[in-house]
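The values are calculated or read from the model by the stated rules, or taken from the named source; none is laboratory data. As the structure is a computational prediction, the values presented were derived from the model and not from experiment. Here Cβ is always computed from backbone atoms with ideal geometry, including for glycine, and neighbour counts include all displayed protein chains. Each accessible area value is taken on the protein alone, full model and side chains, heavy atoms only, with ligands, DNA and RNA left out. Shrake-Rupley method; radii C 1.70, N 1.55, O 1.52, S 1.80 Å.
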Amino acid sequence: MASVEVADGVVTIRGMLARERETEVAGDLVRRVDGLVGVDNKLTYRMDDTTYRAMRDADAPRGVTTAGRDSE
């Protein structure tokens, strides 16, 4: 179950998502809302996909990133 609370212009988001990257994206999207003072991202995740992405990017040719291609 997810929840969103707003107090004094600060949004607190809570809940669980599948991957760590999804929690980062959700926080970034909330930060784009005009008029907010801040975002307290308390989202949790089931799988840490950051290690996988870092290893995959390390194997990519120099200058090439694989960001956004997690569906492979």
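The set of residues in the stretch 1-42 being crowded, with 17+ Cβ neighbours inside 10 Å, part of a strand (DSSP E or B) and aliphatic (A, V, I, L, M) consists of V11, I13, L17, V39.
Number of residues in the stretch 43-56 that are in a loop (DSSP other than H, G, I, E, B) and open to solvent by 60 Å² or more (accessible area, probe 1.4 Å) equals 1.
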